[in-house]
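Have a look at the structure below, then the notes.
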Amino acid sequence: MVEQTQKSHISLDHEKMHAPPEGFFERSTSKPNLADFATYQKMYDQSIQDPATFFGEQAKQTLDWIRPFDQPRFPADKKDDFKNGDLPAWFVGGQINAAYNCVDRWAAKDPNKVAIIYEGDEPDSGRKITYGELLKDVCKLAQALTKLGVKKGDSVAVYLPMIPEAVVTLLAIVRIGAMHSVVFAGFSSTSLKDRILDADSRIVITADESKRGGKTIETKKIVDDALKDCPDVRNVIVFKRTGNSHVPFSPGRDLWWHDELAKYGNYFPPTPVDSEDPMFLLYTSGSTGKPKGVQHNTAGYLLGALLTTKYTFDVHEDDVLFTAGDIGWITGHTYCVYGPLLNGATSVVFEGTPAYPNFSRYWEIVDKYKVNQFYVAPTALRLLKRAGHKYVEPYDLSSLRVLGSVGEPIAAEVWHWYSENVGRNKAHVVDTYWQTESGSHLLCPLAGVTPTKPGSASLPFFGIEPKILDPTTGEELKGNDVEGVLAIKSAWPSITRGIFGDYNRYIDTYLRPYADHYFSGDGAARDLDGFYWILGRVDDVVNVSGHRLSTAEVEAALIEHDLVGESAVVGYADDLTGQAIAAYVSLKKHKLPADADLEAIKKELILTVRKEIGPFAAPKTVLFVDDLPKTRSGKIMRRILRKVLAGEEDSLGDISTLSNPQAVSQIIDVVKTSR
Ligand code: WTA
């Protein structure tokens, strides 16, 4: 069982329920994907009562199969889901190819249809890529990879910026039945190395350099640093993004993307893979220091990505969807690459940041390409709200029908700002709750259909059976107006099939904490109307600017510094980034010179974390303390550290059970002086 450690920070005030914007469906040239709320309810009920038939039908209708499946779900009955760590298998006997479903079938229909709109870091740099062109590049890279010895089931590491070649790369890898393992290009060389080794990737695909917010990043150099400790990597394919001549290049091992692709013809057949063959790994933070390689298998993941894009965002073939999340995270995988392409729509791939060259960048893109669905994390919205209305106002945003939010709770005032200033009260705001592990949306309104309440992720998607459990007893809290931890009762097609190389850890993390349930790691409430509110993580995971980090991971990075004796990392509320990281550090006294410059040491510690994990993980606050509060068994009481930081030192509870209660008063003093 997990101790409920974080206090609810969202008020469950009964905000007015908002009906979907009037005339929502009239503003689309296509027929609605879902007629009305009653249809959602009917379909939802079917999806829960008989998931095998429901998803079997959907999979037949929406995906192209090389060999039809024999059984949509095995076992068809969901009563034993998650018991003893068991998951059902989906679409058993079927064979399919992910790239074929994303590219070939649309290229056959209309090769000139735009698949990707690439908007470069500099305004007006970029290009459009049609489905026909995408197919050619995917086939060429698929052949290059095959020639380099990549086979079905192998993993290929991807360390690329947000450029169309990242999409080509993912699709080429799955075209030959291999798995991609994308590492967010903001991760350091150490993090990249760890992931390459864990996934046993032998080929890496990267770029010479990257451009972001007007800055140049030495991407290939970071890869080279990582590869010093990865002796099994045979080849690195390098896309020339900037073409700077001083980029390091090891002939023999390193190959230029353009040279490789030039060697091959325009077509290469897709490799049939079984429904349950692995499709990709994506590393994410858990409550321990070691990141987990979350594994997704092919057909179930594809169906989840396809259906949620279709229904949550009401996406049609003629739509332009702009997901402003990076391909290095699950949002980029599912809603920038797979979801839009599986629906034959157009996806915007944006290389830059919302603030470069000014705070209008997103809105300029929406206006220029007549974006219909826009999807972003609240952290960017908080920044843009603060920048001011003048950056939004000049743009024609009338093409927008759906405004998505993802990755962290969206505060009501940000929700309203989004709806009024960006959506101009005509777009439907959909707050989507899900995880790397879920593959696709778990709780979300369906555009044009589900009424919304600002701050609530509303209701479950098809096939999702959310339960609120008592955090300590694990008992289900039935009815409405309850608060506890969020768990899910039965499996859905795109649930992760495991942690790469460590199935026991998978069971321990998700399936064991609450018997017969998948445990989300989040606290949640169900309000009087049956709407769900996510209250934040109940484990040691923090969410900084929508990036998920484990406190243990940051602690492991800090300890790399020579002077650090011990550290404890906690999250605390921050206006801009949602949560920020505070590191309580006790220094090794015997190593500390008498005239030590503590400010300089703080900077060094922050640098250490940037180097070990990546710049986004840097602590915002470093607090030097003599001792950390511990239980008698030696466990650090992070709850106390969090409370002191939140100014709640009056409600620390009983600290007499600590082995060192005297540590607490010094901690209170240190925090007070730091304010
Ligand atoms: C949090 C991101 C509140 C949550 C897609 C979850 C959210 C974690 C929301 C997963 C939301 C995601 N409201 N919290 N709409 N969406 N979260 O794996 O704590 O990077 O467990 O996937 O983000 O983060 P991940």
* With a point put 7 Å past each Cα toward its Cβ, work out how far D77 is from T53 in nm, to one decimal. => 1.7 nm
* Asked: Which of the peptides 634-640, 185-191, 581-587 is most tightly packed, and how do the rest follow, judged by the mean count of other Cβ atoms within 10 Å per residue?
  -> 581-587, 185-191, 634-640
* Structure fact -> About its Cα centre, the stretch 388-442 carries a charge dipole, from +1 on Lys and Arg Cβ atoms and -1 on Asp and Glu Cβ atoms, whose size in debye to the nearest 20 is 240 debye
* Asked: How much of the accessible area of the stretch 235-293, probe 1.4 Å, is carbon plus sulfur, in whole percent?
  -> 55 percent
* To do: Return the inverse of the average 1/r over all pairs of distinct C-alpha atoms in the stretch 582-634, which is the Kirkwood hydrodynamic radius, in Å to one decimal.
  => 12.5 Å
* Structure fact -> With 0.36 nm assigned to each residue of separation and the Cα-Cα distance removed, H590 to Q61 gains 183.6 nm
* Tail fraction, Cα-Cα pairs, the stretch 384-469, threshold 22 Å, whole percent -> 30 percent
* Would you compute the Debye intensity of the stretch 124-181 from its alpha-carbon atoms alone, equal scatterers and no solvent, and pass along log10 I(q)/I(0) at q = 0.12, 0.19, 0.27, 0.28 Å⁻¹ to two decimals? => -0.28, -0.65, -1.12, -1.17
* To do: Sort out for me the Cα centre separation of the stretch 68-109 from the stretch 201-255, rounded to whole Å.
  => 36 Å
* Which whole-number value in Å² is the accessible area per residue of the stretch 517-597, probe 1.4 Å? -> 33 Å²
* Burial order of peptide ranges 155-164, 51-60, 245-254, 65-74 (average beta-carbon count within 10 Å, highest first) -> 155-164, 51-60, 65-74, 245-254
* Asked: Given +1 on the Cβ of Lys and Arg, -1 on the Cβ of Asp and Glu, and no further charges, what dipole in debye does the stretch 475-608 carry about its Cα centre, rounded to the nearest 20?
  -> 360 debye
* For the stretch 568-661, how big is the tail of P(r) above 22 Å, as a whole percent of Cα pairs? -> 38 percent
* Choose one of N84, T473, Q295: the residue whose Cα lies farthest towards the positive end of the charge dipole of the chain (beta-carbon charges +1 Lys, Arg; -1 Asp, Glu; about the Cα centre). => Q295
* Structure fact -> When the charge dipole of the chain is computed with +1 at the Cβ of Lys and Arg and -1 at the Cβ of Asp and Glu, the Cα pointing farthest to the positive end, of L381, G243, A583, is that of G243
* Measuring from a point 7 Å past the Cα of R505 along Cα-to-C-beta, which residues in the stretch 289-330 have an amide N at less than 16 Å? -> 289-296
* **Mean residue ellipticity (222 nm) of the chain, computed from DSSP H runs ≥ 4 via -39,500 (n - 2.57), nearest 500** => -7500 deg cm²/dmol
* Asked: Carbon and sulfur: what percent of the stretch 459-500's accessible surface (1.4 Å probe)?
  -> 46 percent
* Report relative contact order for the chain in percent, whole number only (criteria: Cα-Cα under 8 Å, sequence separation at least 6). => 14 percent
* Asked: Rg to Rh for the stretch 169-321: what is it, with Cα atoms only and Rh by Kirkwood?
  -> 0.99
* For F249 and D70, what does the FRET efficiency come to when R0 = 51 Å and r is the distance between their Cβ atoms, rounded to the nearest 0.05? -> 0.55
* Asked: Expressed as a whole percent, how much of the Cα-Cα distance distribution for the chain exceeds 49 Å?
  -> 10 percent
* What does a probe at N425 reach in the stretch 381-405, counting residues whose amide N is under 19 Å from the point 7 Å along Cα→Cβ? -> 389-390, 392-403
* Asked: For the stretch 1-159, what is the per residue volume of the convex hull drawn over the alpha-carbon atoms, in cubic angstrom?
  -> 302 Å³
* Asked: Over the stretch 323-474, what number does the Rg to Rh ratio reach, with both radii from the alpha-carbon atoms and Rh per Kirkwood?
  -> 0.97
* Asked: For the chain, with the dipole built from +1 on Lys and Arg beta-carbon atoms and -1 on Asp and Glu ones, taken about the Cα centre, which of A487, Y418, V337 lies farthest toward the positive end?
  -> V337
* To do: Rounding to the nearest 20 debye, state how big the charge dipole of the stretch 359-461 is about its Cα centre with +1 on each Lys and Arg Cβ and -1 on each Asp and Glu Cβ.
  => 220 debye
* Would you mind estimating how fast the stretch 317-401 diffuses translationally, via Stokes-Einstein at 25 °C and 0.890 mPa s with the Kirkwood radius over Cα pairs, in µm²/s? => 186 µm²/s
* Asked: By DSSP, what percent of the beta bridges with both residues in the chain are antiparallel, rounded to the nearest 5?
  -> 60 percent
* **Span from the the stretch 122-167 Cα centroid across to the the stretch 323-370 one, whole angstrom** => 17 Å
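The values are calculated or read from the model by the stated rules, or taken from the named source; none is laboratory data. Please read all numbers here as calculations on a predicted model, not as lab measurements. Methodologically, a virtual Cβ is constructed for each residue, glycine included, from the backbone with ideal geometry; neighbour enumeration extends over all protein chains shown. Ligands, DNA and RNA are stripped out before the accessible areas are found, and what is left, the full protein with its side chains, is counted by its heavy atoms. Shrake-Rupley method; radii C 1.70, N 1.55, O 1.52, S 1.80 Å.
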